[in-house]
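K.L.:
Quick one: structure below, then a few questions.
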Amino acid sequence: TAAHIRRGIVRRQFGEPNTTLGVVATNAHLNREQAQKIAQMGHNGLAKSITPIHTLFDGDIVFVLARPEIPADLHVVGLLAEEALRLAVDRAIKKAHGLGILPAYADLPASAP
């Protein structure tokens, strides 16, 4: 998709949805602004796994849920959120099943162990 976009081949209307929803759940004390920052940092994990991301044809989003039990450094929580989302996308790709004529990663010859 990214290669097509670079060559100027861009969809002009919405087709199949390509939305990725991420959820970061933590027991860290976070206020609203800190939770928003964790979500922003978590988006980096999506961007490291999905390209292109945040186009006009998708609705990629990260939600942060916090059950405040412990104090935590915002940077540590954000970096953990990034890594967790990156690993979650990677795992989802590798565990997915194909949809009829649309193969999954596991169906491709190069993905065989």
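The values are calculated or read from the model by the stated rules, or taken from the named source; none is laboratory data. All values reported here derive from a predicted model rather than from experimental measurement. Don't worry about glycine lacking a Cβ; one is built from the backbone with ideal geometry, like all the others, and counts go over all protein chains shown. Heavy atoms of the whole protein, side chains included, go into the accessibility calculation; ligands, DNA and RNA do not. Shrake-Rupley method; radii C 1.70, N 1.55, O 1.52, S 1.80 Å.
K.L.:
Return the total of residues in segment 1-18 being at pLDDT 85 or above, open to solvent by 60 Å² or more (accessible area, probe 1.4 Å) and in a loop (DSSP other than H, G, I, E, B).
P.N.:
Step one: filter segment 1-18 for residues at pLDDT 85 or above, giving 6-8.
Filter again for open to solvent by 60 Å² or more (accessible area, probe 1.4 Å), leaving 6-7.
Now drop any that are not in a loop (DSSP other than H, G, I, E, B), which leaves 7.
Number satisfying all stated conditions: 1.
K.L.:
Under 8 Å by Cβ, and 6 or more places apart or on different chains, what pairs join a residue from segment 1-12 that is in contact (Cβ under 8 Å) with a residue 40 or more places away in the chain with one that is surrounded by 10 or more Cβ atoms within 10 Å (Cβ to Cβ) and of a type in the set (Val, Ile, Thr)?
P.N.:
Final answer for the pair search is Thr1/Thr51; Ala2/Thr51; Ile5/Thr55.
K.L.:
Check Leu46, Leu85, Leu74, Leu30 and return the single one that is open to solvent by less than 60 Å² (accessible area, probe 1.4 Å) and touching a residue at least 60 places away in the same chain (Cβ under 8 Å). Write out each step before concluding.
P.N.:
Working: Leu46 fails: touching a residue at least 60 places away in the same chain (Cβ under 8 Å); Leu74 fails: touching a residue at least 60 places away in the same chain (Cβ under 8 Å); Leu30 fails: touching a residue at least 60 places away in the same chain (Cβ under 8 Å).
Of Leu46, Leu85, Leu74, Leu30, the one residue that is open to solvent by less than 60 Å² (accessible area, probe 1.4 Å) and touching a residue at least 60 places away in the same chain (Cβ under 8 Å) is Leu85.
K.L.:
If you go through segment 61-113 one residue at a time, how many are part of a strand (DSSP E or B) and either closer than 14 Å to Lys37 by Cβ or of a type in the set (Ser, Thr, Tyr) (or both)? It would help to see each step written out before you state the result.
P.N.:
Looking only at segment 61-113, we keep the residues that are part of a strand (DSSP E or B), and these are 61-70, 99, 102.
Still in the running and either closer than 14 Å to Lys37 by Cβ or of a type in the set (Ser, Thr, Tyr) (or both): 62-64, 66.
Number satisfying all stated conditions: 4.
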